[in-house]
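A short write-up of the structure that comes next.
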Amino acid sequence: MCRRALFFRSDWKKIADSASTKDLFQISCVSNTPERIICSGGKVNVVASVIMKLAARRQTTRPEDRAYCLMGMFGICLTPDYGEGQDKAIARLIELIVRTTGDVSVFNWRGENRGSTEPGRSMFPKDFVGFLNVGREHEGEESNEKEYEEEEPLKISSSLNLGNMGIHSRFDISKVVVCLEGDHPRALEALGKLPIETDLECSVACSLTLDGKDLGKIKVFCSLSNLKHKLQANSLGDGPKEASVKWVMVRFAGVKKANWFLCELRDDSVLSGDNVYEGFFQTAGNEMEVYLDVQMARYMRYLETSGFFAKRMNTAKFKQSIIPSDNMWKANLWIG
């Protein structure tokens, strides 16, 4: 980025100079851009989500240019590929940002239909509009720009792999329970009458509880098939594990000020059919206890190197502070 910018009217009369403190403040107010980002003279040291937020207001002739125009601000080089579409251009941009900077704030988006529909890309936004609420605790509130202006990139300390199956890393899984509100049996009956190929999007209200204490509510945007799986899991209770579905709050482990987001975690993942499960519940006479210990060790090594499969779900912006940071598990996840 340049170190100084001059602004002129159509008749070439100068109206602002970024070198002037007064003008810089006015430019910041008009463009809704933190002052220290304007004419910084190079790559800015600020959370990537703030730059994504600014890009949400950017209009370009070609949709891919909304991603390509940010290369200079992030100090990266992305080969333009016009025709790939905005979704893939944004995904490639985010992948390169994560690989070069380790800044996972690029996943702090929210909103209805904001997640990519590409296979293995549920963590990626399909539009920068999902970043418009950066700095806000709730929809419609004024953004706290000063807080984000002073915040440094959210760098992950554990390993993070990007592949065709999604994102693999170490995550915190909150013990907060995500409960659907409403008449579950009646809703499940209604969904059962819909054609199999119907997969429309819907919004559902959920309550967040921990040890019976109500923490608040959250709006979830999901497909009818996702909702049906969740309702079926609730109706099964202690039924077959292969049909079990959990909605859990997840965040990157070891990241300062990491944001929580909602994921669908299934127990019918590839784990249940892997060789590590083969004969797990078989008995071996008096050696049963030793046998199970050996199998459990293999199972734990499997989880350390691979992990559970999950899919990120779209939610409205919610107050991050309602999720306690001291009641959680840690696990490796493939979020795809």
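Every number here is computed from the coordinates shown, using simple stated rules; none is lab data. None of these values were measured; they are calculated from a predicted model. When we count neighbours, we look across all protein chains shown, and the Cβ atoms used for this are built from the backbone with ideal geometry, even at glycine.
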Positive-pole candidate from ILE76, CYS39, THR60, dipole of the stretch 1-106, charges at beta carbon: CYS39
Proximal lysines relative to LYS22, as straight alpha-carbon distance under 20 Å, when same-chain residues fewer than 8 apart are discounted: LYS13, LYS14, LYS146
By average C-beta atoms within 10 angstrom, highest first, the peptides 249-260, 7-18, 110-121: 249-260, 110-121, 7-18
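Give, in nm to one decimal, the length gained when the segment between SER158 and SER10 is fully stretched (0.36 nm per residue of separation minus the Cα-Cα distance).
Separation in residues times 0.36 nm, less the Cα-Cα distance, equals 48.1 nm.
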Per-residue ³J(HN,Hα) for the stretch 213-219, Karplus 6.51 cos²θ - 1.76 cosθ + 1.60, θ = phi - 60°, Hz, x for Gly and Pro: 9, 6, 9, x, 10, 9, 9
Theoretical gain in end-to-end length, TRP329 to CYS29 [0.36 nm per residue, Cα-Cα removed]: 103.7 nm
Under the Karplus curve 6.51 cos²θ - 1.76 cosθ + 1.60, θ = phi - 60°, whole-Hz ³J(HN,Hα) for the stretch 247-262, x wherever Gly or Pro sits: 9, 10, 8, 10, 8, 5, 6, x, 10, 5, 6, 5, 8, 7, 9, 8
Set of lysines near LYS217 by C-alpha distance (under 22 Å), chain-local residues within fewer than 8 positions excluded: LYS175, LYS228, LYS230, LYS246, LYS257, LYS311, LYS317, LYS319
ILE173 long-range amide H proximity, modeled H, under 5 Å: TRP329, LYS330, ALA331
